1. Mind listing whichever residues of segment A:10-42 are among the hydroxyl-bearing types (S, T, Y), in contact with a strand residue (DSSP E or B) (Cβ under 9 Å, 6 or more places away or on another chain) and more than 13 Å from every other protein chain (Cβ to nearest Cβ)?
2. Does B:R61 fit the bill of being away from chain A (no Cβ under 14 Å) and open to solvent by 90 Å² or more (accessible area, probe 1.4 Å)?
3. What number of residues within segment B:289-318 satisfy the criterion of being among the hydroxyl-bearing types (S, T, Y) and surrounded by fewer than 21 Cβ atoms within 10 Å (Cβ to Cβ)?
4. Of the residues B:L62, B:L107, which is modelled with pLDDT of 90 or more and either among the polar types (S, T, N, Q) or assigned to a helix (DSSP H, G or I) (or both)?
5. Does segment A:25-43 hold any residues that are of a type in the set (D, E) and more than 16 Å from A:R2 (Cα to Cα), and which are they?
6. If you take just the helices (runs of 4 or more DSSP H) that sit entirely in segment A:511-621, which of them hold at least 3 residues that are in contact with an Asp or Glu (Cβ under 8 Å, 6 or more places away or on another chain)?
7. With (1) open to solvent by less than 20 Å² (accessible area, probe 1.4 Å); (2) part of a loop (DSSP other than H, G, I, E, B); (3) touching a Gly at 6+ places or on another chain (Cβ under 9 Å) as the list, and B:V118 as the residue in question, which single condition is left unmet?
8. Do you know which residues across segment B:242-257 are more than 7 Å from chain A (Cβ to nearest Cβ) and charged (D, E, K, R)?
Amino acid sequence: MRVSYNLLKEYIQDLKLSPLELKELFPYLGIEVVEFKFLAEGLEEHVVSGVIENLSNIKDDLTYKVAEVSIGAKSITVVSTAPNLREKMKVIVALPGARLGNNVVHEKEVRGVKSQGNVLSLEEVGLPISSSGVYELPGDFPVGVSPLEYLGLNDWIYDLYIFPNRPDLLGIIGLSMEISAYVGGEILWPKVGVLEECHDIPIIEVLDKDSCPVYTGRIIKNITVKESPFELQRKLILLGQRPINNIVDITNFVMFEFGQPIHAFDAAKVERKIMVRRANPGEKILCLDGLERELNPEILVIADAQKPIAVAGVIGAEESGVTGGSSTIIVESAYFDRVRVRKAESSLGLTTESSRRFGRGGDPSVVEVASRRVAYLIKQLAGGTVCKINEVKSKNFEQEKIKLYFKDLNRMFGQVVEPEVVRKIIDRLDFAVHGKEDHLEVVVPLRRRDIEEWEDLSEEILKIYGYDKINSMVRNCSTFSGKKLKSIDRKLKVLLANVGFFEVKTVEFANPEELQSIGGLPRDFVRIRNPLNNDMCVLRTSLVAGLLRVASNNLRRGVSYAKIFEVGKVFRWSGEENLPEERMMLGLCVAGEVSKTWDRSERNIDMYDLLAGFQVIREKLEPTLEVVPEDLAIMGLSNGGAVLCDGRKVGYLGEVSGKLRKMFDIKSPVFVLELDLSSLKFAEIRYKEIPSFPSTSRDLSIIIQENDSISPVIRKAAETLSPILEDYEVIDIYYGKPIPEEKKSVTIKFIFRASDRTLTQEEVDTKFFKFVELLKNEGYEIRGLNG
Amino acid sequence: MSILDEVHSLRTEIEKDWAHIDSIESLENFRVKFFGKKGKVQDIIKKISLLSPEERREAGRLINEIKVKFEELVQERKEELLARLGSDTYDLYITPRHLEVGNLHPLSKVVDELLDVVTGLGFEEVGLNDAPDVEWDYYNFECLNIPPYHPSRDMQATFFITDKMLLRTQTSPVQVRTMLQRKPPIRVVHAGRVYRVDAFDATHAPCFYQMEGLYIDRNVSFAELRGTLEVLVREIFGEKAEFRMMPSYFPFTEPSAEGQVRFGEEWLEIFGCGMVHPQVLRNVGLSPEVWSGYAFGLGIERIAMIKYGINDIRLFSDNDIRFLRQL
């Protein structure tokens, strides 16, 4: 809601606040000031009235005129292209330094003539009122004074955000009442006295009484449709409305005054009668904004005997609108059910100043008086004969009566507010109140239909009493044991961050093609009806796409390598009757290359970086996770494996395929892991005694195929060397001469220890040689042994 | 020159050379020159031994004193120099060896810090299960006193999945789910993702994090709500943070308030809060005659932006490692 300071002052007697003080008051009323500005900002001191004393052309150029303008003490030269300049014309002159929107007026040379200022149109001073060219001040306007006051520009605009429960604040009168409840000052009611000179009434049939409990129509004859006077146009512009003609402007202005939308029909275009009914399926209406809209039976329309002439409470039809040719009109003021209007808004995708007010719930008590106000203004500004109103009313609106017990109020506030204080506050709100010993009986006027229970009243009281007058208190909460969730993900995140991984958070939205390229199935997708764009039209079924995007962004921006993880939900569609399945996942991703520094050599990030991260969490989980090779081509992965927990698949890992890398624009190798956390647990941590006997070790170098795993060797070792085999470590991997091509030499250090004695070298040797023999028998080529 | 003079002049020479010793080599040269088997001290001792006992006494005593003293000094110095020799010299300006250190996402950290404070006030974190991101309209809106076509639905532009299913626009449905499952008193907190139809720009995102606290008990007051929020503000923004409450509107609280904290000239909204609306209590089967409560919610990104001086909300979902490393 836009409103100006001077406009509010017309409705509040003796408003004591300055424009800035008023701005600072609004938040205390629960009203956010979105914008506050002085209308003459940049014009003050730089704008003055002048009179054109002499007008000439520049040589042969007819587009430019040179005006000698007297601004009182002196005369200046102004070069202008305005078509309507003439001698003796009174004009608004902007001198150098004036700011017009984003432009600053300077002295400048035009076609060899020095122009010392501008002559202005209304648009240039911020009043886009229809007029051609430079604005002409009245003939008796003094020269050399500021025209800002005359133009109504010594005013301040407030753009206010009004909460949806307060439609009453979408009118100047409602706002004024709210302000006066806080700072005092009588409300100055606008004039509504009008003589009803004629008994012609429109025929009105309300077929859907639930959607339209009150409908009034009033005929006004023989009006003159023309441009509104400057003052009304100016006010509408301040309120954010474009002036159209006097009739439309008046209906709009009264809407802004009372918060009650009004519509005027050209009576000549209304066939026989007015019907308030639901739209027929497929019925169409060409609206005032020039668009044709298709209606449906959920929408309430105003119709004549043949066709809809308005979408009730939303917008009128172009054909039946008031134009220059109209002479008799029907003024509609009604009360529509807010849900009905909201349904029209949502099925038409259209919100107007009118629907915004009706959709939040209007005030049935203002319907008739607003019609009178319109009639009064039309009589003033358009002449004509005002007829009687025809009101069709099917419901009597009762004012809410609320019992407000002091003990309830004090209990809620947590402190005692004196009954006398409460009573005074309610008085200021202009609600009827009857005092009883332990409570008040409050009658809430119909304009405040947001107040239904005593708790609603308590907020009104608190506002005026002051939210900050409530003392703060912290109760002893020893009966509650506050605690965080014992979820696995918090610990996992810390573990990974500690070993060099960065936690990322990507959006849950995803692109369906991307999900499919990493193995997502369309039947699993949770599809958003109104997505922001195609990249965000389904919910993710995997964390991998998001991780690849983050890795790609980082690498392309010059970060040398990315080691990242995300813990987040993935979603799977489970039909309309169930909420989608949501699972907490861990995703891990490594990519890029480590650059050379004095302490480390250059290398590509590889699978072993991924496994290092995996190892850290694997050690802490129970039961132990295992990796078994699996073909993951469908997910765009190679060198892949499934992660098993107790034989159940809980995740997978692998190297991202070239195709997928291209899709995500990643040049270096990328490796990913995804793990379903929902069934995983941290193992209980138990202290294991530090071994008291020394260990000994044997190294084995073995030659295997380049692509083969050492896993069979390790398994064999575990079988044959237990229980004295404690651990193993790969200490070297070697390719190249003298190792044959397509083969590699792997050196494994086996570590032996017994918990109850020092192992003898013979004992270890015996077992170890037996193991080596076994390997040889199986065809393994042994390159070396080392004890 | 008498032998005594010779000893004195040797001592002067020794002391002069001693002052210039700065390495193991120069120490060794010094030792050989003066105290070696063919050194100058040995030479003079030989000379002295040829003299008569009377002539010997003073010079012998003196040279012996010098010998003992310097042999000790040499030994000490040698150990000292050797200790130094064992290590290299270090350039303190060489970039140190690389440690692989990652980081938690700043939003995780802020959530964690806030939870520490809130749980310290006796709130129990909920939402491991039964806090779905995809929610029924009923829990997200209707039960919270926002029936279909209610104008306040416009305050939260909603991503819909079906007519009845949506992405939750607030963490408040967890209030409803908790109240339906537990008997009061209830004192819980929940943090999680929420979604609104808002394109990304510097201050908007289609999904962000919220935290929400709920307290239901007998005789819960606005004063306690205020007290709780003040504790939170002090913990997050420091002892000196200025806090105020202003009127606001949420369909599920009455009275509703906005908790603001002052930063310089500006008051910034930190909390949306209020006393639980009696209709919400009735909706979950609690009598407003018996039970009352308060609820508060806050935006995690907003807190993080203020706390770290971040001016663009997109940085949180952009995940630039150079950003993540800093915070």
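The values are calculated or read from the model by the stated rules, or taken from the named source; none is laboratory data. Computed from a prediction, not measured in an experiment: that's the story for all the values here. Heads up, the Cβs are rebuilt from the backbone with ideal geometry, glycines too, and the neighbour counts pull from every protein chain shown. Just so you know, the surface numbers come from the protein's heavy atoms only, side chains and all, with ligands and any DNA or RNA stripped out. Shrake-Rupley method; radii C 1.70, N 1.55, O 1.52, S 1.80 Å.
1. Once the filter is applied, which keeps residues that are among the hydroxyl-bearing types (S, T, Y), in contact with a strand residue (DSSP E or B) (Cβ under 9 Å, 6 or more places away or on another chain) and more than 13 Å from every other protein chain (Cβ to nearest Cβ), segment A:10-42 yields only A:Y11.
2. For B:R61, the condition - away from chain A (no Cβ under 14 Å) and open to solvent by 90 Å² or more (accessible area, probe 1.4 Å) - is met.
3. The number of residues fulfilling the criteria is 2.
4. Details: B:L62 fails: modelled with pLDDT of 90 or more.
Answer to the check: B:L107.
5. Of everything in segment A:25-43, just one residue is of a type in the set (D, E) and more than 16 Å from A:R2 (Cα to Cα), namely A:E41.
6. Hits in segment A:511-621: A:544-556.
7. (2)
8. Listed by number, the list holds a single entry, B:E242.
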